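A short worksheet on the structure shown next.
The numbers here are math on the coordinates, done by the rules we state, and not lab data. Owing to the predicted nature of the structure, the values given are computational and were not obtained by experimental measurement. When we count neighbours, we look across all protein chains shown, and the Cβ atoms used for this are built from the backbone with ideal geometry, even at glycine.
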Amino acid sequence: MAIAADYKEERFAAAHRVTVIGVGVDVLLAVGKILAGVFGRSAALVADGVHSISDLVTDAAVLVGMHYAKQDADEFHPYGHGRYETLASQFIAVTLLLVAAGIVWDAVSRLGSPSLAPPAPVALVAALLSIIAKEALFHYTLYIGKKYDARAIIANALHHRSDVVSTIAALAGIGGAMLGYPILDPVAAVVVAVILTKAGWDLLKEALHELTDSTHAIDAQIQQQISALVESIPEVHSAHFLSPRRMGPDIRVDVHVVVSPFLSVSEGHQVSEKVRLRLLESVAAVTEVLVHVDTVDDQIETLPALSDRLQLTRDVEREVSAVASFTRLVHLTPHYTMAGIILDLVLETANVMNDPAAARSAGGELCARLLAKLPAVIEVRISTTLASQKRPSS
């Protein structure tokens with residue numbers, strides 16, 4: 001669909017723009033905080049600077065992941081490339097956890113130092129500037145991520161927010177150390193690591209939900225919207241096995257719909273197309289829908305295995321040939337229900353049955369024979385014709 005392709009291009013362009021801006025901010029902050037931390041004697045600020053370097057790595061992961069995620073399905077990826085974006089989110093999560101472990105290692109080694117010098121004022125100023133810049137970047141990135149439902153961008157926004165929180169912790173440690181409690185600086189670095197661990201674990205959990213096709217990866221509001229849209233189709237009696245799966249930016253939906261057993265195959269297909277198109281047109285993130293048409297809710301009950309069309313046709317033709325008023329079976333339509341088969345028959349007669357009583361007698365005789373000989377049949381409905389007709393082809 002051209003609209004979907006245009007949306008993916010617009011989505012990628014917005015993601016690229018916000019990520020490039022993030023790269024520029026993170027470069028300045030990483031260099032500034034590490035230098036200020038080294039010259040200002042602040043372990044917490046150095047740790048926070050390392051966190052900003054990890055932001056650069058995750059920015060790159062977002063760009064690469066979303067570049068591949070926007071590509072269409074191909075021979076080797078029939079379900080598309082959406083999970084490259086999920087992998088980018090997972091990479092961000094693992095990076096956060098590794099950075100947190102490194103910060104703890106460094107902070108613990110500093111805690112064992114015999115003398116801890118208090119940080120210089122430059123560390124305090126650098127921390128304040130970092131908080132302002134990263135908070136602004138967080139809000140901008142989160143806005144773009146939510147606008148385009150881009151999980152990797154939202155993950156990166158949360159990474160920016162974790163940087164804000166960690167810098168606040170560093171700021172508290174620096175301030176406490178400058179007031180005469182130098183041990184608070186490495187303690188603040190440990191607090192930063194705890195914050196990073198929490199953010200990394202949350203991101204990792206979300207990515208695992210997507211990779212394992214968990215419904216937890218789909219917002220509850222979207223799931224309710226999909227369910228309501230399916231059941232809004234008049235021909236759909238109910239829906240079950242509604243299984244939306246997130247694949248990066250895309251949502252694929254599998255659903256079983258229950259329709260009347262008296263619909264034709266082509267009409268049942270039309271109903272499934274209505275469901276498919278309704279979801280594709282109404283939910284932007286939905287890119288593929290697979291609809292299975294049922295006549296009963298097979299979560300509750302399953303249709304019994306009954307005679308197929310070929311066997312039914314043979315049995316009905318045998319009984320039709322035994323009733324003199326009918327010359328041949330023109331058409332047979334079996335309707336499979338939980339109670340058994342309902343047969344609709346179109347029969348050709350030798351002449352017009354002007355005698356209603358004779359017509360009822362012939363039809364009754366055939367119905368009785370079929371019900372007696374075919375145990376799976378519970379009802380027979382007969383219509384007659386002299387000859388079949390169809391519209392001439394143009």
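List of remarks:
- Checking the cross-link pairs Lys33/Lys147; Lys146/Lys205; Lys147/Lys198; Lys146/Lys198; Lys134/Lys198 against a 27 Å limit on the alpha carbon distance flags Lys33/Lys147 as lying beyond it.
- FRET efficiency for Thr333 and Ser227, using Cβ-Cβ distance with R0 set to 41 Å, rounded to 0.05: 0.80
- In the chain, a dipole from Cβ-located charges (positive for Lys and Arg, negative for Asp and Glu) runs towards its positive end, and of Thr327, Ser42, Ala14 it is Ser42 whose Cα lies farthest in that direction.
- Dipole axis of the stretch 2-212 (+1 Lys, Arg; -1 Asp, Glu on Cβ), positive-most option in Pro119, Ala188, Leu129: Pro119
- You can think of it this way: the chain between Leu128 and Ser282 has 51.0 nm of extra reach, that is 0.36 nm per residue less the Cα-Cα gap.
- Around the amide H of Asp344, modelled in the peptide plane, lie the amide H atoms of Thr333, His335, Arg381, all under 5 Å away and 5 or more residues distant in sequence or on another chain.
- Across the chain, C-alpha contacts under 8 Å between residues 6 or more apart give a mean separation that, scaled by the residue count, equals a relative contact order of 12 percent.
- Phi angles across the stretch 288-305 convert, under the Karplus curve 6.51 cos²θ - 1.76 cosθ + 1.60 with θ = phi - 60°, into 3J(HN,Hα) values of 8, 9, 10, 10, 9, 9, 10, 9, 9, 7, 6, 6, 9, 8, 10, 4, x, 6 Hz, Gly and Pro given as x.
- Listed values for the stretch 319-336 are Karplus-derived 3J(HN,Hα) couplings in whole Hz (6.51 cos²θ - 1.76 cosθ + 1.60, θ = phi - 60°), namely 6, 4, 5, 8, 10, 5, 5, 10, 9, 6, 8, 7, 8, 10, 10, x, 10, 8, and x replaces Gly and Pro.
- Most mobile listed residue (Glu75, Glu210, Glu273) in the chain, GNM with C-alpha springs under 10 Å: Glu75
- Estimated from the Cβ-Cβ distance and a Förster radius of 56 angstrom, the FRET efficiency linking Leu306 and Leu211 is about 0.85.
- Each residue of the stretch 136-144 is assigned a 3J(HN,Hα), and the resulting list reads 5, 5, 4, 5, 5, 5, 5, 4, 5 Hz, derived from the Karplus form 6.51 cos²θ - 1.76 cosθ + 1.60 (θ = phi - 60°), x at Gly and Pro.
- Ranked Glu319, Glu10, Glu288, criterion: other C-beta atoms within 10 Å, fewest first: Glu10, Glu288, Glu319
- Ranking of Leu366, Leu28, Leu142 by neighbouring Cβ atoms within 10 Å, starting from the fewest: Leu28, Leu142, Leu366.
- Computed over the stretch 121-173, relative contact order equals 44 percent, with contacts defined as Cα pairs under 8 Å that lie 6+ residues apart.
- GNM flexibility winner over the chain from Phe326, Phe12, Phe241 (Cα, springs under 10 Å): Phe326
- Centre-to-centre, using Cα atoms only, the stretch 127-189 and the stretch 270-316 are separated by 51 Å.
- Rg to Rh quotient for the chain, alpha carbon positions, Kirkwood Rh: 1.31
- The chain, dipole about Cα centre (Lys/Arg Cβ +1, Asp/Glu Cβ -1), debye to the nearest 20: 460
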